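Undergrad: Shown below is the structure under consideration.
The values are calculated or read from the model by the stated rules, or taken from the named source; none is laboratory data. These numbers were taken from a predicted model, which means no experiment stands behind them. When we count neighbours, we look across all protein chains shown, and the Cβ atoms used for this are built from the backbone with ideal geometry, even at glycine. The accessibility values were calculated without ligands, DNA or RNA, using every heavy atom of the protein model including side chains. Shrake-Rupley method; radii C 1.70, N 1.55, O 1.52, S 1.80 Å.
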Amino acid sequence: MCVAGEVCAADTQPVHAPPHAGYELIWSDEFDRDGTPDPSKWTFENGFKRNAELQWYQPDNAFIKDGVLVIEARRERKPNPRFGDPDQPEAFRWRRHINYTSASLQTKGLFQWQYGRLEVRARIKAEQGLWPAIWTLGSDGRWPANGEVDLMEYYDGSILANFAWAADHPSKPRWKGRKVPLAQLTNDAGWDTRFHTWVMDWSEKEITLSLDGAVLNRIDLTKVKNHPKADVPLPFHQPHYLILNLALGGQQGGPVKDTTFPSRYEIDYVRVYQPQIEGR
């Protein structure tokens, strides 16, 4: 097991190795066949979405090559087909052109789980303007009452691991976040040239978020409840689905003036384990 500041030999991990005895693999994608992502496992977000981000999400920017899922951010200019659409958020409605594209994949409607271990091995580019993420949302209720778990975010030179729910108001988040400058996490100048392993361990009592074996954040679920008027009382005691995306700019990503394009966020595998039930 690695600790913060060490380089992990993730390549030596056995394929499909359970986290410990008594666990079984219930869902995974190894991305071992070139082409488009498996439509039985993933759907795509489309268009401009949130946080005043710069990218237009489209399926074309996600593909599998040489055993990894590639989410590619590109600088490309084309007309915005939703220009002036009153159903679009104000931040996006009057963007006449799309200047950047990327992809966001999710398992919503196809796979969700409650409790167990989520393990994602990925390589991100630690560069200004990029905002890659691995996160989950509860399948029922409106945000933030449905619960959000940010297993990984990167922006502003830092790695983040966060939780959000609606403790104080039905539509306003309370955050339990951790932001660790990459320079504090490791002195390895080549950190972003290698793959790293993010893990979410989730039980009825707590969720722990780790990077290469080092705990980044933890939440005691016995103390987490939503506001009485929220549409979900216990956001982390319901099934969640997974999202993988590469955002650009916006409220957190920062300026992209000096960002190198195209830029790739690569995922080697996604695995979900749960305690083995006798007879299953």
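Undergrad: Arrange the peptides 144-154, 250-260 so that the one whose residues have, on average, the most other Cβ atoms within 10 Å appears first.
TA: Highest-to-lowest ranking by the protection proxy: 144-154, 250-260.
Undergrad: Taking a spot 7 Å from the Cα of Thr260 along the direction of its beta carbon, which residues of segment 67-99 have an amide N less than 14 Å from it?
TA: Once the point is set 7 Å along Cα→Cβ of Thr260, 73 turn out to lie under 14 Å by backbone N, inside segment 67-99.
Undergrad: Averaged per residue, what accessible area in Å² does segment 175-239 show with a 1.4 Å probe, protein chains only?
TA: Value returned for segment 175-239: 51 Å² of accessible area per residue.
Undergrad: Karplus couplings for segment 168-181 from phi (6.51 cos²θ - 1.76 cosθ + 1.60, θ = phi - 60°), rounded to Hz, Gly and Pro as x?
TA: Residue by residue, segment 168-181 yields 9, 7, x, 10, 10, x, 9, 10, 10, x, 9, 10, 10, x Hz.
Undergrad: Considering the chain as a Gaussian network with a 10 Å cut-off on Cα pairs, which listed residue, Glu127, Glu72, Glu204, attains the greatest mean-square fluctuation?
TA: Judging by the Gaussian network model, the answer is Glu204.
Undergrad: Okay, next question. Give me the net charge for the shell around Gly47: Cβ to Cβ below 12 angstrom, other residues only, Lys and Arg +1, Asp and Glu -1. Walk me through the intermediate numbers first.
TA: Values: positive: Lys49, Arg50, Arg82, Arg93, Arg95; negative: Glu45, Glu53, Asp85, Asp87.
Charge balance near Gly47 sits at +1.
Undergrad: Moving to a separate point now. From the phi angles alone, apply the Karplus equation (6.51, -1.76, 1.60; θ = phi - 60°) to segment 41-46 and give each ³J(HN,Hα) in whole Hz, x where the residue is Gly or Pro.
TA: Couplings: 10, 9, 10, 10, 7, 9 Hz.
Undergrad: While we're here: Hey, can you grab everything whose amide H is under 5 Å from the amide H of Ile26? Only 5+ residues off in sequence or another chain; H modelled, so Pro and N-termini drop out.
TA: Val272, Tyr273, Gln274
Undergrad: Can I ask one more? Give me the Kirkwood hydrodynamic radius of segment 141-280, using the inverse of the mean 1/r over all pairs of distinct Cα atoms, in Å to one decimal.
TA: Numbers: mean 1/r = 0.0588 Å⁻¹.
Value: 17.0 Å, from the Cα pair sum.
Undergrad: In the chain, how many lysine pairs have Cα atoms under 19 Å apart, counting only pairs 8 or more places apart or on different chains?
TA: Here the count comes out as 17.
Undergrad: Based on Cα coordinates alone, diagonalise the gyration tensor for the chain, multiply each eigenvalue by 5, take square roots, and list the semi-axes in whole Å, largest first.
TA: In descending order, the three semi-axes are 28, 24, 19 Å.
Undergrad: One quarter of the convex hull surface, Cα atoms only: what value does that give for segment 18-87 in nm²?
TA: 7.7
Undergrad: Under 11 Å from the Cβ of Gln58, count the other residues' Cβ atoms, weight Lys and Arg +1, Asp and Glu -1, and hand me the total.
TA: So the environment of Gln58 carries a net charge of -2.
Undergrad: Given H placed on each backbone N at 1.01 Å, which residues far from Arg174 in sequence or on other chains put an amide H within less than 5 Å of it?
TA: Trp165, Ala166, Ala167, Asp168
Undergrad: At a 1.4 Å probe radius, carbon and sulfur cover how many percent of the accessible area of the chain? Don't skip to the answer; put the middle values down first.
TA: On the way: 6510 of 13280 Å².
Taking all protein chains in place, the chain shows 49 percent carbon and sulfur surface.
Undergrad: Output wanted: per-residue J couplings in Hz (rounded whole) for segment 226-241, from phi through Karplus 6.51 cos²θ - 1.76 cosθ + 1.60, θ = phi - 60°, x for Gly and Pro.
TA: Computed from phi, the couplings for segment 226-241 are 7, 4, x, 8, 5, 7, 9, x, 10, x, 9, 10, 8, x, 10, 10 Hz.
Undergrad: May I pose another question? List the relative contact order of the chain as a percent without decimals, with contacts defined as Cα pairs under 8 Å and 6+ residues apart.
TA: In percent, rounded to a whole number, it is 28.
Undergrad: Something else now. Which values of log₁₀ I(q)/I(0), to two decimal places, follow from the Debye formula for segment 40-143 at q = 0.22, 0.23 Å⁻¹ with a uniform point scatterer at every Cα?
TA: Listed by q, the Debye log ratios stand at -1.37, -1.42.
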